[in-house]
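Structure, as structure tokens:
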Amino acid sequence: MKQSLTLGKVTKFIGLGFLSTIKDLFTGNIDKEDFKTLLRKTIVPLASILLFIGLWHMGAKALYNKEADFKIEKALTDQGQAAADAMEACIASGDVSCKPNTLPSPSQVWDSYKSLLRDHNIIAADKAAFKEKTAALNEKRVADGLDEITYTGRPSFVDQIFRSLKTVFAGFLLALLIAVPLGIFIGLSPTLKSAFNWFIQIFKPVSPVVWYLLVFMIVKTLLIDSNEDSSFTISFISVGLCSMWATLVNTAMGVSSVDKDYINVAKVLKLGSFQKIFKVVLPSSLPLIFTGLKITLSVAWMVLIAIELLAQSPGLGLFVWEEFQNGANDSNAKIIVAMFVIGIIGFLLDRLMLTIQNWVSFDKTDAI
Amino acid sequence: MSTIIEQNQSNIITDNGLFPSNEVMLDLKNLKKVYPTPKGDYVVLEDLNLQIRKEEFVTIIGHSGCGKTTMLSMIAGLNPISGGRISVLGKQIKGPGPDRGVIFQAPSLMPWMTALQNVLLGVNQVFPHATKAQRNDIAKYYLQKVGLEDAFNKRASDLSQGMQQRVGIARAFAIKPKVLLLDEPFGMLDSLTRGELQDILIEIWNKEKITAVMITHDVDEAIFLADRVVMMTSGPKAKIGDILDIEFERPRTRKSVLEHDDYYKYRKHLIDFLEH
Ligand SMILES: Nc1ncnc2c1ncn2[C@@H]1O[C@H](COP(=O)(O)OP(=O)(O)OP(=O)(O)O)[C@@H](O)[C@H]1O
Ligand SMILES: [Mg+2]
């Protein structure tokens with residue numbers, strides 16, 4: 001009982017409350033009202049997922065047929081019946097050269113997902129073997145003051161995910177370190193507010209692509225005499241600059257709209273500025289700051305894909321781009337896999353922020 | 001101690017109604033407040049004169065909007081004055097400070113802090129040289145005084161309105177101000193809780209004798225707590241209309257006050273003033 005209570009609390013806390021209802025279903029302690037909730041919270045989403053997959057399947061099939069028909073038709077008008085028959089046979093055999101290149105079906109995507117995992121396992125094994133092989137050598141090189149030999153093989157899909165996460169967290173951290181302090185200063189001082197207002201209004205709507213180009217111009221020159229790969233630096237800075245605005249605006253707003261009574265208390269007690277900021281202003285604007293950070297993280301994740309693609313920085317964005325360019329048999333399916341992975345990770349990041357927000361915030365009313 | 005002062009008071013009140021300066025804690029002289037509005041200046045208070053003695057409890061009544069909050073926030077230093085002067089113990093005030101504690105209408109506790117932390121926020125500020133243990137003791141002492149010995153570590157946001165206002169009272173007394181300013185502190189509470197808090201307030205006050213100025217809309221509350229009830233005229237250009245001395249002896253109980261022959265005389269006086 002106690003355990004189920006804590007589980008319920010935890011799952012509710014991280015916004016996955018329906019999980020505990022599922023658990024109740026299996027343990028058998030469920031009444032009518034709960035059952036209705038269960039229906040609404042689990043059966044309905046499940047049904048809608050199935051419906052979605054069904055529609056997708058049919059849509060993909062229709063698109064496939066349309067393209068196949070078009071190809072056969074074209075062969076017929078261009079080259080005659082024999083060519084059309086050959087085309088039909090070729091399409092039926094699933095050969096890459098003539099296969100319709102359109103929206104992949106759910107099962108193709110699932111297969112690609114499995115093949116990406118297999119590929120990852122192979123690369124991981126390869127990496128481990130490489131490490132083992134070079135372990136002794138590297139030790140010696142380090143002892144001699146030389147750089148270690150590192151694995152330079154192709155990154156697997158899972159590696160790309162982690163690189164993307166690394167970039168997004170670096171960008172997010174940058175956004176946090178710039179936007180929160182700046183937002184506090186702007187919120188505290190009407191002078192700074194009017195000094196920065198135009199700046200915020202103008203730069204906030206600038207598109208990620210332009211930010212990327214701007215950062216590229218600057219970083220390229222700054223790192224001109226270093227031969228390191230600057231693509232990671234450029235992409236995380238661009239991500240940070242694109243995504244920091246929500247936090248900046250929300251922090252400034254939170255800080256400038258602290259309850260007048262709290263400020264009066266601080267004045268009556270003659271709190272110093274440090275005390276005033278850390279004991280009164282910041283805690284009271286924390287909910288708004290976190291709302292901003294939550295938006296920042298989701299924007300960061302969203303623009304990351306585009307920026308990685310532009311910066312040619314390894315990660316999911318580049319993965320998608322390369323698959324698109326490469327046009328192999330299952331490229332489209334892999335792109336869809338990446339799409340789902342991007343979406344799911346975005347969702348999880350959002351939940352993570354919500355959890356932290358609930359944890360630090362005094363205001364326990366459900367934040368969305 | 002208090003009897004000596006009372007004896008003294010009867011002798012020293014001079015003919016023009018002013019107290020000798022060494023007895024005055026709070027002195028408002030020709031106080032004026034103007035709020036600029038789109039339709040021109042609005043003069044809320046003008047030529048307002050009021051002296052409050054040491055260890056006196058004064059309540060202020062007046063019609064809504066006459067400028068009571070304005071006056072109190074100017075005394076607190078939270079609202080700039082447009083003319084005249086305010087002095088505490090003969091020294092003109094400059095901005096807000098912990099020598100004038102305030103209990104606001106809303107409890108205004110920091111909801112993310114515990115009851116104890118809220119009280120400590122002030123105590124730490126006012127007694128920077130005391131040890132941590134001493135400061136904790138001070139804060140806990142006042143929380144006990146308001147009946148919150150079981151709620152030291154409860155978050156302010158988890159306390160009821162009445163309990164929050166108790167913390168507000170503890171916080172205000174714990175910084176040992178020279179003057180305590182209260183702006184309808186019990187206005188938001190139900191009448192039962194209000195009675196309880198009045199008792200708590202007057203009990204602590206009997207012990208600490210901190211000069212207090214309290215705004216209230218409740219005539220019975222005004223009589224029960226005060227040495228003098230100050231009546232303000234209606235605005236604009238509000239000033240002090242009348243002052244009523246309440247001569248019940250302290251410590252008072254609600255019962256003894258209600259049963260006192262003068263009670264209805266006082267009450268009638270105040271209500272007559274307000275109905276004009
Ligand atoms: N910042 C302000 N700017 C302009 N006018 C104001 C401002 N604050 C108060 N006033 C006006 O000054 C007058 C006095 O306000 P105040 O709040 O002091 O009244 P009050 O006696 O405390 O009323 P209540 O009993 O309702 O609390 C009111 O008419 C109010 O509208
Ligand atoms: Mg008022």
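Readers should treat all values here as calculations from the given coordinates under stated rules, not as data from a laboratory. Just so it is clear, the structure is predicted and the values come from calculations on it, not from any experiment. Reconstructed Cβ throughout: ideal geometry from the backbone, glycine too, with neighbour counts over all protein chains shown.
Laid out as a table, the results:
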read-out: Cβ-based exposure ranking for A:Cys98, B:Cys66, in which fewest neighbours within 10 Å come first; value: A:Cys98, B:Cys66
read-out: Residues whose placed amide H lies under 5 Å from that of B:Ile103, excluding near-sequence neighbours; value: B:Leu181, B:Leu182, B:Asp183
read-out: Loop-located trypsin sites (Lys or Arg not before Pro) in segment A:46-82 whose Cβ has at most 11 other Cβ within 10 Å (DSSP); value: none
read-out: FRET efficiency estimate (nearest 0.05) - Cβ-Cβ, A:Met58 to A:Leu173, R0 41 angstrom; value: 0.40
read-out: Rounded to 5, percent antiparallel among DSSP beta bridges of the protein assembly as shown; value: 55
read-out: Peptide-level mean, for A:260-267, of C-beta atoms on other protein chains within 10 Å; value: 6
read-out: Nearby lysines by direct alpha-carbon distance to A:Lys220 (threshold 26 angstrom, same-chain neighbours under 8 apart not counted); value: A:Lys166, A:Lys204
read-out: Cleavage-rule hits, GluC sites (Glu not before Pro), segment A:105-151, DSSP coil, Cβ neighbours within 10 Å at most 13; value: A:Glu148
read-out: Distance from segment A:326-362 to segment B:177-241 (C-alpha centre basis), Å; value: 59
read-out: Degrees between helix A:44-79 axis and first principal axis of chain A (Cα, 0 to 90, nearest 10); value: 40
read-out: Contact order relative to length of segment A:155-360, as percent, for alpha carbon pairs under 8 angstrom and 6 or more apart; value: 29
read-out: Rounded to 10°, Cα long-axis angle of helix A:282-311 versus longest principal axis of chain A; value: 30
read-out: Computed label-point distance, nm, for sites B:Val34 and A:Glu322 using a 7 Å Cα→Cβ extension; value: 7.5
read-out: DSSP-assigned coil residues among trypsin sites (Lys or Arg not before Pro) in segment B:61-140, each with at most 11 further Cβ atoms within 10 Å; value: B:Lys94
read-out: Chain B, helix-only ellipticity at 222 nm - DSSP H runs n ≥ 4, -39,500 (n - 2.57), divided by all residues, nearest 500; value: -11500 deg cm²/dmol
read-out: Ordering of A:282-291, B:198-207 by packing [mean C-beta count within 10 Å, highest first]; value: A:282-291, B:198-207
read-out: Residue mean of other protein chain beta carbons inside 10 Å, A:274-283; value: 2
